[in-house]
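Here is the structure we will look at.
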Amino acid sequence: MLREIRPALVILVALTLITGLAYPLAITGLAQALFPRQANGSLIERDGKVVGSELIGQSFTSERYFQGRPSATTGPDPADATKTVPTPYNAANSGGSNLGPTNKALIDRVKEETAKLKGENPSQPVPIDLVTTSASGLDPDISPPAAMFQLPRIARARNIPEARLRQLVDEQTKRPLLGLFGEPRVNVLALNLALDRLAAH
């Protein structure tokens, strides 16, 4: 009987060592050697302190800053652990709202957000990514039109000409890979850090 079990045990141990130890260590080592910044979270620093990641959005509520997409992530209610409350950009609970396009709560929220944004810039149509959440709830990027839509508000709040802000958005816009893959996008945290640098000068 031991003769029949031994090959199975040897294969189990060998595959455990290969796939559970050697392979993960090799991939981690390669990632650290070839892409250390990305492997460590694509962190963004300001004055030597980590202020965020290129990969996870943050909530900006001040009128002086560009704002990202709404986030549908939730977290435990501090008052009642059996319930959840909205916690925007909660990386521990990534996910969308899962509300369908005919859901009244979603329709009402989008209408409310659209009306609020129209008050900021009544002459332009509201970009869809400023009123809809992403599938992860953590999207750090917005479209260039979504950034441009916010220029009048930021120009008023910071007393910076819109033309200079438009140039800043253009400078921060990432183009599609090889001109083919993906969409033009703007990282909101990087844009706001560049905005602070511009305002400081």
**Request:** Only one of these is free of Cβ contacts under 8 Å to residues at least 40 places away in the same chain, under 22 Å from Ser62 (Cα atoms) and surrounded by 11 or more Cβ atoms within 10 Å (Cβ to Cβ): Ile128, Ile107. Name it.
**Result:** Ile128
**Request:** Please go through the range 67-87 and pick out each residue that is in a loop (DSSP other than H, G, I, E, B) and either aromatic (Phe, Trp, Tyr) or over 11 Å from Gly57 (Cα atoms) (or both).
**Result:** Ala72, Thr73, Pro78, Ala79, Thr87
**Fill in**
Exactly one of Leu25, Leu34, Leu15, Leu99 is more than 24 Å from Thr173 (Cα to Cα), at pLDDT below 85 and open to solvent by 50 Å² or more (accessible area, probe 1.4 Å), and that residue is Leu99
**Asked** Ile107 fails exactly one of the following numbered conditions: (1) farther than 27 Å from Val186 by Cβ; (2) touching a Gly at 6+ places or on another chain (Cβ under 9 Å). What is the number of that condition?
**Response** (2)
**Request:** Could you pull out every one of the helices (runs of 4 or more DSSP H) wholly within the range 118-201 that has 1 or more residues that are among the β-branched types (Val, Ile, Thr)?
**Result:** 151-158, 162-172, 188-200
**Message:** Any residue at all in the range 38-47 that's hydrophobic (A, V, I, L, M, F, W, C) and open to solvent by 70 Å² or more (accessible area, probe 1.4 Å)?
**Reply:** yes
**Asked** Could you list, in sequence order, the residues of the range 60-77 that are hydroxyl-bearing (Ser, Thr, Tyr) and either exposed (fewer than 12 other Cβ atoms within 10 Å of the Cβ) or more than 14 Å from the chain's Cα centre (by Cα) (or both)?
**Response** Thr61, Ser62, Tyr65, Thr74
**Asked** Can you name the condition, by its number, that Asp80 falls short on among (1) open to solvent by less than 60 Å² (accessible area, probe 1.4 Å); (2) in contact with a Leu (Cβ under 9 Å, 6 or more places away or on another chain); (3) not aliphatic (A, V, I, L, M)?
**Response** (2)
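The values are calculated or read from the model by the stated rules, or taken from the named source; none is laboratory data. On a predicted model such as this, the values are computed, not experimentally measured, just so you know. Note: ideal-geometry Cβ built from the backbone for every residue, glycine included; neighbour counts use all protein chains shown. With ligands, DNA and RNA removed, areas are computed over all heavy atoms of the protein, side chains included. Shrake-Rupley method; radii C 1.70, N 1.55, O 1.52, S 1.80 Å.
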